[in-house]
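Below: one structure, written as structure tokens.
The values are calculated or read from the model by the stated rules, or taken from the named source; none is laboratory data. What you see is a predicted model; the values in this text were computed from it and never measured. All Cβ positions, even for glycine, are placed from backbone atoms using ideal geometry, and neighbour counts span all protein chains on display. Heavy atoms of the whole protein, side chains included, go into the accessibility calculation; ligands, DNA and RNA do not. Shrake-Rupley method; radii C 1.70, N 1.55, O 1.52, S 1.80 Å.
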Amino acid sequence: MTECIASLEVDAVAGSHIVFPWSRLPELRAGDTLVDVSGPALQALSRHWLPGDATNPATFAWTFEALRSLQAGPLADLRITHDGYALAWITLSDKGARGEREDTAGPLVPVIAGQSLKLCLASGYLLSDDPGPLKALLAELALTQGFDLIVTSGGTGLAPRDLAPEATLAVIEKRLPGFERAMTMESLSKTPHGAISRAVAGTLGKAVLLNLPGSPKAVRECLGAVAPALRHALEKLQGDPSDCAAR
């Protein structure tokens, strides 16, 4: 993008987080970077509500990370860039949500996806196995935050609280059966238990959503099976008009 926006008053050290009301900003997506004459200055991390009261209604705001130390004063002639893809991964685990188990699967997602995609942002989330919060978070990340790729880990089997596929099916607009078959075939090549996985893949808005099993080994195998197709899938989903046959 080349859109310029009004100057913002900033005073921050590199790595710190800054909140700006949405009314002072154009439409943004997670991973967007604000660039001034000195280079990248701020990266959009997440959009959220600022609480209101009887006289001031609640409003949206964006949290940014300062990409360099910024002295007090205005950042002028800011441009918006989006260099790469924004990834969100969600680990589903009752024990993990209670702090009883370390998440070793979710952090593998950006490592594996990053081998096929240039990532401009990678954010992780940890939820219990309740489908309601997962449905809400999937819709939030895809439609409000503007993430490009959203990957869940866990909850794809047959246990009573394995409900990630049901939550995903409730929000996706287009299903990606080829991705599902590729992941199942990869799992079956390693173990007959791969037939049990019910992982779903699909799209919501301009985001691709993927369910992965919960073990680190299965995350490597299943995400690795579809990772080479992710960039092309995202390009077509987000409006690339080129002829697929020419690739």
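Could you tell me whether the range 147-161 includes any residue that is in a helix (DSSP H, G or I), in contact with a Pro (Cβ under 6 Å, 6 or more places away or on another chain) and crowded, with 20+ Cβ neighbours inside 10 Å? No; the residues of the range 147-161 include none that is in a helix (DSSP H, G or I), in contact with a Pro (Cβ under 6 Å, 6 or more places away or on another chain) and crowded, with 20+ Cβ neighbours inside 10 Å. Once the range 54-82 is narrowed to residues that are of a type in the set (V, I, T) and at pLDDT below 90, the residue that is surrounded by the fewest Cβ atoms within 10 Å (Cβ to Cβ) is T55. For the range 74-113, the set of residues classified as within 30 Å of A225 (Cβ to Cβ) and polar (S, T, N, Q) consists of T91, S93, T104, listed by residue number. Just so you know, in the range 111-153 the residues that are of a type in the set (S, T, N, Q) and in contact with a strand residue (DSSP E or B) (Cβ under 7 Å, 6 or more places away or on another chain) include one that is nearest to H82 (Cα to Cα), and it is Q145. Against the condition modelled with pLDDT of 95 or more, touching an Asp or Glu at 6+ places or on another chain (Cβ under 8 Å) and not charged (D, E, K, R), how does A86 come out, does it pass? Answer is yes for this residue. Listed by first and then second residue, the pairs linking a residue in the range 95-122 that is at pLDDT 95 or above to a residue that is of a type in the set (F, W, Y) and assigned to a loop (DSSP other than H, G, I, E, B), with Cβ atoms under 9 Å apart and 6 or more places separating them unless they lie on different chains, are L121/F147. Would you check if E221 is open to solvent by less than 70 Å² (accessible area, probe 1.4 Å), of a type in the set (D, E, K, R), assigned to a helix (DSSP H, G or I) and free of Cβ contacts under 8 Å to residues at least 40 places away in the same chain? Yes.
Scanning the range 16-68 for residues that are in a loop (DSSP other than H, G, I, E, B), in contact (Cβ under 8 Å) with a residue 12 or more places away in the chain and closer than 20 Å to G84 by Cα returns P26, L28, R29, A30, G31, D32, L67, R68. Examine the range 139-146 for a residue that is in a helix (DSSP H, G or I), of a type in the set (D, E) and surrounded by 15 or more Cβ atoms within 10 Å (Cβ to Cβ), and state whether such a residue exists. Checking the range 139-146: at least one residue is in a helix (DSSP H, G or I), of a type in the set (D, E) and surrounded by 15 or more Cβ atoms within 10 Å (Cβ to Cβ).
Is it fair to say P133 is out of contact with any Lys or Arg (no Cβ under 9 Å at 6 or more places or on another chain), surrounded by fewer than 19 Cβ atoms within 10 Å (Cβ to Cβ) and free of Cβ contacts under 8 Å to residues at least 12 places away in the same chain? For P133, the condition - out of contact with any Lys or Arg (no Cβ under 9 Å at 6 or more places or on another chain), surrounded by fewer than 19 Cβ atoms within 10 Å (Cβ to Cβ) and free of Cβ contacts under 8 Å to residues at least 12 places away in the same chain - is met. Within the range 162-198, the only residue that satisfies the criterion of being out of contact with any Asp or Glu (no Cβ under 8 Å at 6 or more places or on another chain), acidic (D, E) and part of a loop (DSSP other than H, G, I, E, B) is E173.
Restricting the range 26-53 to residues that are open to solvent by 50 Å² or more (accessible area, probe 1.4 Å), modelled with pLDDT of 85 or more and under 25 Å from the mean Cα position of the chain (by Cα), the residue that is farthest from A88 (Cα to Cα) is P51.
Please state which one of L169, L209, L176 is in contact with a Gly (Cβ under 6 Å, 6 or more places away or on another chain), modelled with pLDDT of 95 or more and either surrounded by fewer than 20 Cβ atoms within 10 Å (Cβ to Cβ) or within 24 Å of G96 (Cα to Cα) (or both). The conditions single out L209. All of A88, A105 fail the test of being small (G, A, S), within 21 Å of D162 (Cβ to Cβ) and assigned to a loop (DSSP other than H, G, I, E, B), apart from A105.
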